[in-house]
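Just below is one structure, and these are the notes that go with it.
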Amino acid sequence: MFNPCFSSEVTMYKLNKSTKLDEKTICVIGGGNVGTQIAGVCALHGHKVKLYTSTPELFDGTIQIIGDTAEQSGCASNIFVTNDMEQAVFGCEYVFVTYPALMFQSLAEKLYPIIDSKAIIGFFPGTGGVEFFFKPFIEKGVTLFGLQRVPSVARLIERGKSVRVSGLRDRLYVGSIPTQKSNEISSFLSLLFGIPCESLPNYLSVTLTPSNSILHTSRLYSLFNDYYPSKKYNQNFLFYENWSQEASELLLQCDEELQTICKKLKKMDLRGVKSLRIHYESETVDQLTSKIRSIRSLHGLKSPMLKDEFGWTPDFSSRYFSTDFPLGLGLIEEFAQLLVVNSPTIHTIMDWYRNITKDVKKVDLQSFDIHTINDVYTFYHQ
């Protein structure tokens, strides 16, 4: 196995070493899978990196990235690690957030008093109601951006030390508020990850991305819609390798309902919200099932489940449940209701989740002064 930390020559991450980036001071919030990867990538490019994590004692300032190739691997060093938020963000031009959406509100409350109005805050990914939880930041003059999807699959090998990266995307898509900043941000991200990054015409193109919000929720409903509190399963299901026809049917139905929402917003350019039929190059249920099962970077991933002496049960505390339902699919449901778009599959899946978990959290658009379709246009045309 290629081990970049002990290689005589450290490679740049998916980037020709003759390319030089202007040094920036970057804060990465979150020391999990994606945060560890991004902190390492930024440091490999010579940026000053400060990593905020609740477990700084597990880090020694060095992060080993193991990619699919030597070009995508490297050993980053000189990363400053802290659990002091103010110390982490002070003087940073960019702040990259890798927290799940469930933590956005508490993060916003902690970050708002200390963030510089000239800072650029990015979310990996940018779904889950970022623009609403961080609305006061926009009013303060801070730039927000979000990626439709993370750059790759990242899985920790050893927390604080190393991360495996696979399935690097061919292209990234970014939206920002204000919208005119997206070209500058996409250029920087293209150089940083060595992946072409395209600007989206508005942030709603990120919010309505048919990613985990419908991918995870459709699969979980297909797995556990027969669940009741005393039920036990005899195994933990492979989430992607054993992807079912039922999950594909639900996914395509949710995707069609989402596309109907986009069509209702006639004054918004939402061509960037690509149907999953295009994203996965699959027109039929059979094709989609085969495609998802074949994605090697997702092989081996299990379902969010807990085991006891009697068997397996769904882990409703997992972010697949606690984030992707109320703040993912639930937000899409909110837009459907606001725009009076019929979305029976989305409602069925969300009603199941609410009934089985009693979780009624949601992003209430009206509480953010989004009452009509014109309010949507006004907000996202910033």
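The values are calculated or read from the model by the stated rules, or taken from the named source; none is laboratory data. Keep in mind that this is a model prediction, so the values were computed, not measured. Cβ sites come from the backbone with ideal geometry, for glycine too, and all protein chains shown count toward neighbours.
A search for C-beta distances below 9 Å between a residue of the range 74-93 that is more than 21 Å from residue 142 (Cα to Cα) and any residue that is modelled with pLDDT under 95 and among the aromatic types (Phe, Trp, Tyr), counting only pairs 6+ apart in sequence or on different chains, returns 74/13; 75/6; 76/13. You will find that of 374, 342, the residue that is without any contact (Cβ under 8 Å) to a residue 12 or more places away in the chain, farther than 25 Å from residue 104 by Cβ and either in a helix (DSSP H, G or I) or in the same structural domain as residue 237 (by TED's automatic domain parsing) (or both) is 374 and no other. Just the residues that are buried (at least 21 other Cβ atoms within 10 Å of the Cβ) and in a loop (DSSP other than H, G, I, E, B), please, taken from the range 80-118. Those that are buried (at least 21 other Cβ atoms within 10 Å of the Cβ) and in a loop (DSSP other than H, G, I, E, B): 92, 98, 115.
Looking across 175, 141, 160, one residue alone is crowded, with 23+ Cβ neighbours inside 10 Å, touching a residue at least 12 places away in the same chain (Cβ under 8 Å) and in the same structural domain as residue 100 (by TED's automatic domain parsing). It is 175.
For first residues located in the range 188-206 and under 17 Å from residue 121 (Cα atoms), partners that are of a type in the set (Asp, Glu) and outside any loop (DSSP other than H, G, I, E, B) and lie 6+ apart or on another chain with Cβ distances below 6 Å form the pairs 203/131. A single entry from 255, 226 fulfils the requirement of being touching a Ser or Thr at 6+ places or on another chain (Cβ under 7 Å) and either crowded, with 18+ Cβ neighbours inside 10 Å or not in a helix (DSSP H, G or I) (or both): 255. Taking the options 292, 278, name whichever one is surrounded by 20 or more Cβ atoms within 10 Å (Cβ to Cβ), more than 30 Å from residue 358 (Cα to Cα) and within 20 Å of the chain's Cα centre (by Cα). Matching residue, one of 292, 278: 292.
Quick grid of which residues meet (1) more than 14 Å from the chain's Cα centre (by Cα); (2) among the hydroxyl-bearing types (Ser, Thr, Tyr):
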{"residue": "152", "(1), (2)": "no, yes"}
{"residue": "158", "(1), (2)": "yes, no"}
{"residue": "164", "(1), (2)": "yes, no"}
{"residue": "171", "(1), (2)": "yes, no"}
{"residue": "185", "(1), (2)": "yes, no"}
{"residue": "190", "(1), (2)": "yes, yes"}
{"residue": "194", "(1), (2)": "yes, no"}
{"residue": "206", "(1), (2)": "no, no"}
{"residue": "216", "(1), (2)": "no, no"}
